[in-house]
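The values are calculated or read from the model by the stated rules, or taken from the named source; none is laboratory data. Owing to the predicted nature of the structure, the values given are computational and were not obtained by experimental measurement. Here the Cβ positions follow ideal geometry from the backbone for every residue, glycine too, while neighbour counts run over all protein chains shown. Just so you know, the surface numbers come from the protein's heavy atoms only, side chains and all, with ligands and any DNA or RNA stripped out. Shrake-Rupley method; radii C 1.70, N 1.55, O 1.52, S 1.80 Å.
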Amino acid sequence: MIRFEFRKYLFVLLIFLLGCSGEKEEEKSQAVIQVSTIDALMTGVYDGITTLSDLTEWGNFGIGTFNALNGEMVFFDGVFYQVKADGKIYRPADTTKTPFATVTFFEPESRYNLAGLSFPELKLMIDSLIPSANLFYAIHAKGTFTSIKTRSVPAQEKPYPQLVDVAAKQPEFETGPVRGNLLGFYGPPFVSGMNVPGYHLHFISDDLQFGGHVLEFELSEGVLAIDQINQFRLICPDDDDFLDADLTGDMSEELEEVEGN
Ligand SMILES: [Zn+2]
């Protein structure tokens with residue numbers, strides 16, 4: 001009798017432990033993790049605080065920038081690419097730091113075929129596919145682009161200028177036809193000030209010769225994958241630049257200029 005009871009409790013304990021580990025796994029895979037805020041980046045908080053190796057704990061997919069605003073980050077299939085202002089793509093060291101990045105473990109629930117779309121048309125298509133504008137979505141589109149226009153940003157020196165002033169002189173690049181990957185996020189309207197509301201996509205070509213922050217494109221054919229994400233985690237820097245930054249203003253107009261799409 002005692003033995004039977006013991007077995008019963010052992011079984012209940014086992015189910016409980018399995019349940020706990022399952023939940024933890026779920027949490028890890030379903031969150032958007034963000035380093036710093038877009039408004040901090042807009043005001044010139046460009047010193048990196050988080051290493052790329054730290055980011056790999058929180059995702060295998062994402063976008064952002066690098067220490068001192070040294071180019072555009074493409075984090076694709078667990079590999080970091082740095083599109084610098086010379087238009088070339090570099091492989092940064094794991095110890096490189098980022099002042100702003102958004103990452104997740106990409107696990108798309110849905111895929112769609114794409115044909116003959118511009119950037120505005122892709123946005124409208126995704127708008128019609130997602131169940132609500134009030135959640136986060138990680139977005140990946142692989143395909144052939146008849147043309148694509150991107151930009152990068154050059155590394156800055158202190159005292160750091162505001163991002164809107166850097167972006168006014170940003171180098172822009174165009175190519176096509178080219179095969180490659182668009183990746184990034186849709187952020188809900190209420191994320192304003194912390195991240196980019198709406199679409200924010202970066203690009204990397206299959207031959208690793210072209211990339212950057214996406215401004216315009218014409219896609220001839222491809223496949224779109226969407227990952228709906230209901231959790232958001234913000235990691236605030238603890239360095240003096242962030243602690244002393246004035247983040248009281250509404251920077252949404254400047255952000256539109258910087259995003260440029
Ligand atoms: Zn960008």
Where nothing but the Cβ of Lys and Arg (+1) and of Asp and Glu (-1) is charged, how large is the charge dipole of the range 116-242 around its Cα centre, in debye to the nearest 20?
-> 220 debye
Please identify the trypsin sites (Lys or Arg not before Pro) of the range 159-242 that satisfy two criteria: DSSP loop assignment and at most 10 other Cβ atoms within 10 Å. Which are they?
-> Lys169
Counted charge near Ser147, where neighbours are those whose Cβ lies closer than 9 Å (Asp, Glu -1; Lys, Arg +1) | -2
Calculated from DSSP helices alone, with each H run of at least 4 adding -39500 (n - 2.57) and the total divided by the residues of the chain, [θ]222 nm to the nearest 500 comes to -7500 deg cm²/dmol
Given a 1.4 Å probe, the accessible area of the range 117-162 per residue, as a whole number of Å², is 44 Å²
Label-point separation (nm) for Gln209 and Ser118, each offset 7 Å from Cα along Cα-to-Cβ?
-> 2.7 nm
Choice from Asn195, Asn67, Asn113 showing the highest fluctuation, given a GNM over the chain with Cα pairs closer than 10 Å = Asn113
The chain: percent of C-alpha pairs farther apart than 25 Å?
-> 45 percent
What is the diffusion coefficient of the range 153-222 in µm²/s, taking the Kirkwood radius over Cα pairs and the Stokes-Einstein relation at 37 °C with a viscosity of 0.692 mPa s?
-> 229 µm²/s
For the chain, with a Gaussian network of springs between Cα atoms less than 10 Å apart, report the residue from Phe190, Phe76, Phe105 with the top mean-square fluctuation.
-> Phe190
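Taking the Cα centre of the chain as origin, sum charge times position over the Cβ atoms of Lys and Arg (+1) and Asp and Glu (-1), and report the length of that vector in debye to the nearest 20.
Rounded to the nearest 20 debye, it is 1120 debye.
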The chain: Lys pairs at Cα distance under 23 angstrom, eight or more positions apart or on different chains = 15
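Charges at C-beta only: +1 for Lys and Arg, -1 for Asp and Glu. How large is the resulting dipole of the range 216-261 about its Cα centre, in Debye rounded to 20?
Using Cβ point charges on Lys, Arg, Asp and Glu, the range 216-261 gives about 460 debye.
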Take every DSSP beta bridge with both residues inside the chain and express the antiparallel ones as a percent of the total, to the nearest 5.
-> 90 percent
Hydrodynamic radius of the range 179-258 per Kirkwood, over alpha carbon pairs, in Å | 15.5 Å
Between Ala31, Ala133, Ala141, find the one with the highest GNM mean-square fluctuation for the chain; connect C-alpha pairs within less than 10 Å.
-> Ala133
Counting only backbone N atoms under 13 Å from a point 7 Å out along Cα-to-Cβ of Glu107, the residues of the range 136-151 in range are none
